[in-house]
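Quick note: the coordinates plus some simple rules give every number you see, no bench work behind them. All of these numbers come straight from a predicted model, not from anything done at the bench. Cβ placement follows ideal geometry from the backbone for every residue including glycine, while neighbour counts extend to all protein chains displayed.
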Amino acid sequence: MILKFISLCSGSSGNCFYLGTSSYGILIDAGIGSRSIRKVLKERGIAIEQILAVFITHDHADHIKGVGGLSKRFSIPVYATELTHRGIDRNYCMTEKIEQRNRRYCRKGETIEVRDFRITPFEVPHDANDNVGYSIELADKRFCIITDIGHVTPLAIEHIKKANYLVLEANYDEEMLRNGPYSPMLKERIVGSRGHLSNREAGECLAEHFSDGLRHVWLCHLSRENNHPELAYKTVEWALKQVGRNVGTDFKLETLKRTTPSEIYEL
Ligand SMILES: [Zn+2]
Ligand SMILES: [Zn+2]
């Protein structure tokens, strides 16, 4: 079975990913409006009616802004942990709430089946009310999304090792952040253990825990102020080269754009 992946947007102005088969799919996060989501999918030959569910990582605005409207307009169930649902309810950005009928609750470590998808949320450290990564199985393929992760944990490594396809945060370049325009408090928040992952940390994590089954890595949630796509790419590529892994031959590496949707990747 072919798995299709699209990054609709990735970063602090909005996050939304599509994963599907030829006839149905799911979204991970909905940090942009439902009209934009519908439009991007339509342009790539996917009808919004094909979306069976939205899975939310955490309750920060850039991951949830559009989810109320989207679930209401198209009757799409929204999966999140109980803490995240509560956080979404309280969030100022939610001009449209998620209706009761569309709420679904998931628990870390418990697998949810949506048609042929098997989706397992797992704990990811970040300064939201709660945060999860998702390990998603379809037939013999395993896809993993980890974003907004303050530091790499043994549990995250476990899921990274099993993944054939991985979306991993590479939020900032350490030097750019240090010398950049952010306030000392914000800088501290970002580098903190419940903040974001740097290019170096993403590279070292991959270099150390690379498995032979890994085919494609997409670096996500790149900061506009404290990162450049080429810099993120080069940093991770260099870290992998140190352990004898060659990008391009061993696996593919790409950075996801902040506001421009990606092509459809057929996996
Ligand atoms: Zn975010
Ligand atoms: Zn966040």
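Rg and Dmax of the stretch 1-62, both derived from C-alpha coordinates alone, stand at 11.0, 34 Å.
For the pairs Lys72/Lys141; Lys187/Lys257; Lys108/Lys141, note any where the Cα-Cα span goes beyond 24 Å. In this structure, Lys72/Lys141 lie more than 24 Å apart at Cα.
Let me spell out the model: positive unit charges on the Cβ of Lys and Arg, negative unit charges on the Cβ of Asp and Glu, origin at the Cα centre of the stretch 4-266. What dipole size does that give, in debye rounded to 20?
820 debye
Net charge of the neighbourhood of Asp127, taken over other residues with C-beta under 10 Å away and scored Lys/Arg +1, Asp/Glu -1, is +1.
Our summary of shape: the Cα atoms of the chain have principal axis extents of 50, 44, 34 Å, ordered from largest down, in whole angstrom. Springs between Cα atoms under 10 Å define the GNM used for the chain, and in it the highest mean-square fluctuation of Pro184, Pro77, Pro229 occurs at Pro184.
Among the trypsin sites (Lys or Arg not before Pro) found in the stretch 198-228, those both in a DSSP coil and sparsely packed, with 15 or fewer other Cβ atoms within 10 Å of their Cβ, are Arg215, Arg224. Using a simple spin-label model with pseudo-atoms 7 Å out from Cα toward Cβ, Ser22 and Asp116 lie 1.0 nm apart. Projecting the Cα atoms of Asn164, Gly244, Ala53 onto the charge dipole of the chain (Cβ charges, centred on the Cα centre) puts Ala53 farthest toward the positive pole. Its residue count N fixes a reference of 2.2 N^0.38 Å for the stretch 18-111, and the Cα radius of gyration divided by that reference is 1.01. Taking 13 Å as the straight-line reach from the Cα of Lys65, the aspartates and glutamates in range (excluding those fewer than 8 positions away in the same chain) are Asp29, Asp89, Glu96.
Taking every C-alpha pair closer than 8 Å and separated by at least 6 residues, the mean separation divided by the residue count of the chain gives a relative contact order of 18 percent. When both the stretch 129-182 and the stretch 246-266 are represented by their alpha-carbon centers, they are found 15 Å apart. When you restrict to C-alpha pairs under 8 Å that are six or more residues apart and normalise by the size of the stretch 1-160, the relative contact order lands at 15 percent. Connecting C-alpha atoms closer than 10 Å in a GNM of the chain, tell me which of Ala139, Ala53, Ala30 has the biggest fluctuation. Top of the fluctuation ranking is Ala139. Summarising the amide proton neighbourhood of Thr255: residues at separation of 5 or more, or on other chains, whose placed amide H is nearer than 5 Å comprise Leu219. The GluC sites (Glu not before Pro) of the stretch 1-105 that DSSP puts in a loop, and whose beta carbon has at most 13 other beta carbons within 10 Å, are Glu99. For the chain, modelled as a GNM with alpha-carbon contacts under 10 angstrom, which of Ile136, Ile112, Ile145 fluctuates the most? Evaluated over the chain, the most mobile residue of the options is Ile112.
Across q = 0.24 Å⁻¹, the stretch 56-147 modelled as identical point scatterers on its alpha-carbon atoms has Debye log10 I(q)/I(0) values of -1.27, in the order of the q list. In this simple spin-label approximation, Lys234 and Asn179 carry label points 7 Å from Cα along the Cα→Cβ vector, and these lie 1.3 nm apart.
Which one of Cys220, Ser75, Asn179 is farthest out on the positive end of the charge dipole of the chain, using unit charges on Cβ (Lys, Arg +1; Asp, Glu -1) and the Cα centre as origin? Farthest along the dipole direction, towards plus: Ser75.
The value of relative contact order for the stretch 153-242, using C-alpha pairs under 8 Å at least six residues apart, is 44 percent.
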